[in-house]
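K.L.:
Starting off with a structure, shown below.
The values are calculated or read from the model by the stated rules, or taken from the named source; none is laboratory data. Values in this document were obtained by computation on a predicted structure and should not be read as measured data. All Cβ positions, glycine included, derive from the backbone under ideal geometry; neighbour counts span all protein chains shown.
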Amino acid sequence: MDRETCHKLELVHTREWLETDGRGGYASSTPLFAPSRRYHGLYVVTPEGHTARHVLLSRFDESLHVPGHAFALSIARYPGRWAPHGHQYVESFELCPWPRTTFLIGGARVVREVLLARGRDAVLSRYSLLGDAPPLELRLRPMTPYRRADHLTHENIDLDPRVERIASGIRLRPYPSLPALSITHSAGPGNFEPDPVWYRNLEFTQDLERGYEGHEDQFSAGFFHLALTSGAPLVVAATAGEPVGDPSALWAKESAQRLRELEAPGSGAPGPAGVQALGARLALTADAFLYRAHGGRLGVITGFPWYGERGRDTFLALPGLLLPRGRVEECGEALCDALAYLRGGRLPAIFGNTPELSTYGPVDVGLWFARAVRLYDLAGGTAARLRERLLPALREIACALVDGGVEGARLDDKGTLFQAESAEPATWMDSRGNLGPWTPRHGAAVETNALWYFLQAYLELAARADGNLAEARQWETRRRLCTRSFLRRFWLEGERRLADLWRPEQVDTRLRPNMVIAAALEFSPLSRGKRTDIVRHARAELVTPRGLRSLAPFEKEYLGSGQGTLETREEASHQGTAWPWLSGFYCEAYLRAYGRDEYRRRNLEILLAGFAENLDQQGLGFVSESFDGDPPHRPRGAVAQACSSAEILRALALLEEPAPGQEASP
């Protein structure tokens, strides 16, 4: 990002960078380090004993000093104004390999870099004075909101302003319910000057736009004044753990490891030349979603800045985040790690630190898990891991459904899978209003039943491969029953497409993208001709340059924009909003329907290439959670979404593979 762009304050304030620590914590802000939402911060983590992320360190208020002059490097938004004007010295902002800002002040160039340590719990900020410039004094004032990431704080008398001096730094603890924050530096002798002050009425424009309160007071206990000399970078470390004794050594270790990861085979992404750059950029940021949870379990953060780990999104995203980059056994590890949470044929809708602290609900989570296992299998996953752990788990999930042991789910005598009505959403269309789900999909949802068919077909195939013909025949009988029921209840012969939802008293025939999932799956009750008809409808009414609409524009409930209040946004999210992750299923269905020739493949390349613009539009290097269904398809929701990146990466990989088969059964 060049100087001219960085000086367009309103524009650059809508862009966001993201660094993650591989443990669920992150650092994020705008390129000018001026927070635009309450979730922004340099050090945002889940403290020990808490379940929610907290912003402990928002930023440093930074300035450079020479005798008789002071130069602000910082900038923040207040109602109707910006202050101070540190942006005037910004020469450039770079995202890779980590956020890096270059300032030009007179003849001196100063570089600020931010890196989250993955080897230990800390955020590192490095300041370098380039060239032969004379020494400068750097003043850093830590801004410490010390509150939950989704909350706001205001000036109060409960805050403890005291600061404890420690070796090469300070320790502070504004509130006793949260851990102390230690800030150390590598500048040698450096002074911290206590100067407790509240910065009042900081403004978060993104929160205001989303209909939330967007003003906050932030406390600062004082400031460091440190010597910055040419050729001797200064590193500052902040942590809620053990103080970092040697910040420079930790920077050297962590930055070297990051560079090795970037150079490693598989760090790029597959794809034809026209979309290679898109794939490569998504591959560089894919690891941001992977994290080690409590006990070392490998999982997926659904999206930043506000989501944690959701089961459905984890199993949707894992194959795309890892398999196209050749990291097959990491995918297998994550799938096996999830089995500790398998209870009564169900996997969590929301993962907690333990199964007891997790939330169980929709039946489709286990079915998405089955799809992830099959993709791991097709990618060459370890046979022993599949045979001994994953396939037995799939049998447990399927048998629990057959035996009626899954709470809230039932199979009727025709083999159709139903989910009972509840206050919780039944499928991925999970937006809620004051009166419950905006798109209630209890009953027999089309993609849930397609996934149920898929699981039965996969278990039949696995049983045949193991020579267990009796088990294979049992699953074959159930699969064939499911085929007849699926086509009789969901297939709309006059329109040549699938209904979205079936209940004995009502059939929902609104045109939604869930039928595309059914048409994309390797094992499907749909013939190639039926897949082709579905793709034709999707291309005509649902496909946009930013994903598939959640409802066709001709339907009366269609809402083409997600702008407005929280209720308005939630209503629109599945009544027209476009979802990028569905593009992966559309590409797969398209290839199964039409086969692979240069013309067909080029159509998909053009579709996927449309996401390249978004990588510089909201979350830098990431695909947004969703977009308006109507042009210009403004980004909405989380700025970095695991399923969005994953399914686009998987779609790019599909373009390079042999044409997927069109079989309707094993």
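K.L.:
Is it the case that some residue within the range 11-31 is free of Cβ contacts under 8 Å to residues at least 60 places away in the same chain and either closer than 30 Å to Asp195 by Cα or crowded, with 22+ Cβ neighbours inside 10 Å (or both)?
P.N.:
yes
K.L.:
Determine, yes or no, whether Asn514 is surrounded by 19 or more Cβ atoms within 10 Å (Cβ to Cβ), within 16 Å of Ser550 (Cα to Cα), within 30 Å of the chain's Cα centre (by Cα) and polar (S, T, N, Q).
P.N.:
Against the criterion (surrounded by 19 or more Cβ atoms within 10 Å (Cβ to Cβ), within 16 Å of Ser550 (Cα to Cα), within 30 Å of the chain's Cα centre (by Cα) and polar (S, T, N, Q)), Asn514 qualifies.
K.L.:
In addition: Would the range 175-185 turn up any residue that is among the aromatic types (Phe, Trp, Tyr), in the same structural domain as Ile75 (by TED's automatic domain parsing) and farther than 24 Å from Ile75 by Cα?
P.N.:
The first filter runs over the range 175-185 and keeps only residues among the aromatic types (Phe, Trp, Tyr), leaving 175.
Retained after the next criterion (residues that are in the same structural domain as Ile75 (by TED's automatic domain parsing)): 175.
Going one step further and asking which of them are farther than 24 Å from Ile75 by Cα, we end up with 175.
There is at least one residue in the range 175-185 that is among the aromatic types (Phe, Trp, Tyr), in the same structural domain as Ile75 (by TED's automatic domain parsing) and farther than 24 Å from Ile75 by Cα.
K.L.:
Contact list please: Cβ distance under 6 Å, first residue in the range 495-506 and touching a residue at least 24 places away in the same chain (Cβ under 8 Å) and in the same structural domain as Arg528 (by TED's automatic domain parsing), second residue assigned to a loop (DSSP other than H, G, I, E, B) and surrounded by 14 or more Cβ atoms within 10 Å (Cβ to Cβ), pairs at least six apart or on different chains.
P.N.:
Final answer for the pair search is Ala499/Thr509; Asp500/Arg510; Asp500/Arg512; Leu501/Arg441.
K.L.:
Follow-up. Working carefully through the options Arg38, Arg112, find the one that is at pLDDT 95 or above, under 24 Å from Ala227 (Cβ atoms) and either assigned by TED's automatic domain parsing to the domain that holds Pro247 or of a type in the set (D, E, K, R) (or both).
P.N.:
Arg112 is the lone residue from the list that is at pLDDT 95 or above, under 24 Å from Ala227 (Cβ atoms) and either assigned by TED's automatic domain parsing to the domain that holds Pro247 or of a type in the set (D, E, K, R) (or both).
The rows are residues; the columns are (1) hydroxyl-bearing (Ser, Thr, Tyr); (2) out of contact with any Ser or Thr (no Cβ under 7 Å at 6 or more places or on another chain); (3) crowded, with 16+ Cβ neighbours inside 10 Å.
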{"site": "Arg147", "(1), (2), (3)": "no, no, yes"}
{"site": "His151", "(1), (2), (3)": "no, yes, no"}
{"site": "Arg162", "(1), (2), (3)": "no, yes, no"}
{"site": "Ile166", "(1), (2), (3)": "no, no, no"}
{"site": "Pro174", "(1), (2), (3)": "no, no, yes"}
{"site": "Leu178", "(1), (2), (3)": "no, yes, yes"}
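K.L.:
Within the range 290-313, which residues are touching a residue at least 60 places away in the same chain (Cβ under 8 Å), crowded, with 24+ Cβ neighbours inside 10 Å and part of a helix (DSSP H, G or I)?
P.N.:
Listed by number, the residues that qualify are Arg312, Asp313.
K.L.:
Take residues that are at pLDDT 95 or above and tell me which of the helices (runs of 4 or more DSSP H) falling wholly in the range 549-636 contain 3 or more. Write out each step before concluding.
P.N.:
Details: elements: 566-572, 582-594, 598-609.
Fully inside the range 549-636 and qualifying: 582-594.
K.L.:
Okay, moving on. Taking the conditions exactly as written (within 21 Å of His40 (Cα to Cα) and assigned to a strand (DSSP E or B)), does Asp217 satisfy them or not?
P.N.:
yes
K.L.:
If you check Leu250, Leu208, which single one turns out to be part of a helix (DSSP H, G or I), more than 30 Å from Gly190 (Cβ to Cβ) and either in contact with a strand residue (DSSP E or B) (Cβ under 6 Å, 6 or more places away or on another chain) or in the same structural domain as Trp82 (by TED's automatic domain parsing) (or both)?
P.N.:
Checking each option against the conditions leaves just Leu208.
K.L.:
Out of the strands (runs of 3 or more DSSP E) lying entirely within the range 80-196, which hold 1 or more residues that are under 30 Å from the mean Cα position of the chain (by Cα)?
P.N.:
Hits in the range 80-196: 90-94, 100-105, 108-116, 123-130, 136-143, 181-185.
K.L.:
Within the range 409-418, identify whether any single residue is among the charged types (D, E, K, R) and in contact with a strand residue (DSSP E or B) (Cβ under 6 Å, 6 or more places away or on another chain), and answer yes or no.
P.N.:
yes
K.L.:
Here is a follow-up. Is it true that Asp430 is crowded, with 17+ Cβ neighbours inside 10 Å, in the same structural domain as Tyr341 (by TED's automatic domain parsing), farther than 16 Å from Leu318 by Cβ and charged (D, E, K, R)?
P.N.:
So Asp430 passes the test.
K.L.:
Would it be correct to say that Tyr127 is modelled with pLDDT of 95 or more and in contact with a Pro (Cβ under 8 Å, 6 or more places away or on another chain)?
P.N.:
Values: modelled with pLDDT of 95 or more: yes; in contact with a Pro (Cβ under 8 Å, 6 or more places away or on another chain): yes.
Criteria met by Tyr127.
K.L.:
Right, here's the next one. Being outside any helix (DSSP H, G or I) and not polar (S, T, N, Q) narrows it down to one residue among Pro324, Pro348; which is it?
P.N.:
From the options Pro324, Pro348, the qualifying one is Pro348.
K.L.:
Any idea which of Leu620, Leu604 is farther than 25 Å from Ala519 by Cα, aliphatic (A, V, I, L, M) and surrounded by 20 or more Cβ atoms within 10 Å (Cβ to Cβ)?
P.N.:
Unique residue meeting the criteria: Leu620.
One line per residue, one yes/no per condition, for (1) under 19 Å from Ala232 (Cβ atoms); (2) hydrophobic (A, V, I, L, M, F, W, C); (3) surrounded by 14 or more Cβ atoms within 10 Å (Cβ to Cβ):
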residue: His50; (1), (2), (3): no, no, no
residue: Leu56; (1), (2), (3): no, yes, yes
residue: Ser63; (1), (2), (3): no, no, yes
residue: His87; (1), (2), (3): no, no, yes
residue: Glu113; (1), (2), (3): yes, no, yes
residue: Arg118; (1), (2), (3): no, no, yes
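K.L.:
Restricted to the range 28-61, and to residues that are of a type in the set (Gly, Ala, Ser) and part of a strand (DSSP E or B), which residue is nearest to Arg77 (Cα to Cα)?
P.N.:
Initially, the range 28-61 is screened for residues of a type in the set (Gly, Ala, Ser), giving 28-29, 34, 36, 41, 49, 52, 58.
Imposing the further condition that a residue be part of a strand (DSSP E or B) reduces the set to 28-29, 41.
Numbers: Ser28: 16, Ser29: 13, Gly41: 15 Å.
Among them, the one singled out is Ser29.
K.L.:
Which of the residues spanning the range 329-384 are buried (at least 24 other Cβ atoms within 10 Å of the Cβ) and among the acidic types (Asp, Glu)?
P.N.:
Asp364
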